[in-house]
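Down below is the structure, laid out as structure tokens.
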Amino acid sequence: VRGTKTTVLVNYFDELAAGLGEKIRQAKDGEVARRRFALEIARLGRRLFSGEDKVAWCGVLAPFDLLNAMGVTSCFVEFVGAILASSGNVAALLEEAEHAGYSTDGCSYHRAVIGAALRGLMPRPDFLVATSAPCTGGVGLLENLARHFRKKIFLLTLPQSNGERGAAYLAAQIEKMVEFVSAQTGRQLDPERLRRAIEYTNEARALMAEAYELARAVPSPVRSRDLKNFGVVMALFLGTEAAVEISRTYRDEFAMRCERARHNPPPPRLRLLWIQNRIQFKSPLVSLLEREYDADVITDELNAITWEPLDPDDPYTSLARRMLSIPFLGPIEHRIEELKKLAKSYRVDGAINPCHWGCRQGTGARGLVEAGLKEIGVPVLNLEVDCVDPRNFSEGQLRTRLEAFIEMIGQSRRN
Ligand code: SF4
């Protein structure tokens, strides 16, 4: 689709980027990290919709640094679902998908994207790359998009074990993916460009690790919106200078806030862990936490770094190891252990799990996640929220539950 609808979106991203650039230039307090991150998202949006770049629609775990090194603008489709939700225009697209037969029991990230494709709002890709984790629903969506756009798709199948055999099996597929991408784009992978991309990834990883270390401080320099969708979306910029710059900006901003807090300590606040996906449409929950209950979401499950730096001499194996390190793969005990580590290292008072409707990771695992965190004294508030679909969002009910939860953890902290 290279028509009027996509031109409108290109203009929208251009205006957004210009506005953010201006605000960053004018910021006098040095607080620019979130805007710098948003600016890169706007630039990505432009490249995806402009028709000037080679474009790939992908699964969440695709090796974006490798695709960046091959000159392909790529994005996991669920992020488009999140953007559509935050734009406030997602309901009509969900209805479009439902009228076409997509069940409301499925994940609304996927339904939103199919609705957008059916309405001609998704740019036609040059090819697609699906990943069998974190969910096979994403594979089904990409297969349907491949049919819709009549484009070829490559599937990366992640084994359920993260041992060396699994890494070798996946590394061989990544190598084949490179051949597939070359065949679709007519571009070969330049080994020097790949080496540079890996250096950028490792540099960004080190800076992100420093930023997260600062985030663990008491009081934490993190406010609830700072790191929303951060880790998962940063994967799109890995392998580029932009990833390094964004990570450095966050590291510096958190260091500056820690320094300020040392000179002028703020009153104590409750510290929360957010499990899996944030609520993507506009909702008052996070503001309520911040303003009325003196509580901040200081870490997100999806922001943890679970992988080692990449090895420039063995890039495919180290990319495979990174993909296999995600806690959403293999037995649930692994994910629970990672959550416990996160909760302990950030010294959180409680955790919020929105239990995204239609997601086995979100809803299916809720009881086990709650029991696991209870073992280390971290209470979990399970909500029944669809993170993308605002149509059944019941603000009053959620507010009451949030209030009771905060009261309970506040009481146990006082005790
Ligand atoms: S929320 Fe769950 S079902 Fe939806 S894309 Fe993410 S992992 Fe898949």
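Observations, loosely collected:
- Gain in span if fully extended, GLN397 to CYS258, counting 0.36 nm per residue against the direct Cα distance: 46.5 nm
- Fully extending the segment from ILE305 to GLU241 would add 21.1 nm, taking 0.36 nm per residue of separation and subtracting the current Cα-Cα distance.
- C-alpha long axis of helix 366-375 to longest principal axis of the chain, angle in °: 50 degrees
- For the range 1-105: rounded, prolate or oblate by the Cα gyration tensor [a/c cutoff 1.5]: prolate
- Distance violations [Cα-Cα > 19 Å] among LYS282/LYS340; LYS152/LYS176; LYS228/LYS282: LYS282/LYS340
- Kirkwood Rh, angstrom, the range 334-414 [1 / mean 1/r, Cα pairs]: 13.5 Å
- Within the accessible area of the chain (1.4 Å probe), percent carbon and sulfur: 51 percent
- Taking the centroid of alpha carbons for each part, the range 341-404 and the range 135-203 are 32 Å apart.
- Relative frequency of Cα-Cα separations exceeding 15 Å in the range 270-362, percent: 67 percent
- For the range 243-302, the extents of the C-alpha atoms along the principal axes are 33, 31, 19 Å, listed from largest to smallest.
- The Cα center of the range 7-41 and the Cα center of the range 220-286 differ in position by 17 Å.
- Averaged per residue, the chain has 45 square angstrom of accessible surface, using a 1.4 angstrom probe with ligands and nucleic acids left out.
- Reachable aspartates and glutamates from LYS54, criterion Cα separation under 12 angstrom, eight or more residues apart if same chain: ASP126
- Spatial separation of Cα centroids for the range 56-96 and the range 113-129, in angstrom: 9 Å
- Per residue, the convex hull volume that the Cα atoms of the chain enclose (Å³): 135 Å³
- Charges were assigned to the Cβ only: +1 to each Lys and Arg, -1 to each Asp and Glu. The resulting dipole of the range 273-415 about its Cα centre is roughly 280 debye.
- Principal-axis tilt of helix 164-185 within the chain, Cα atoms, nearest 10 degrees: 50 degrees
- Principal-axis tilt of helix 33-50 within the chain, Cα atoms, nearest 10 degrees: 20 degrees
The values are calculated or read from the model by the stated rules, or taken from the named source; none is laboratory data. Predicted model only: the values in this text are computed from it and were never measured. Counting neighbours? That spans all protein chains shown, and the Cβs are built from the backbone with ideal geometry, glycine included. Surface accessibility is based on the protein's heavy atoms, side chains included, excluding ligands, DNA and RNA. Shrake-Rupley method; radii C 1.70, N 1.55, O 1.52, S 1.80 Å.
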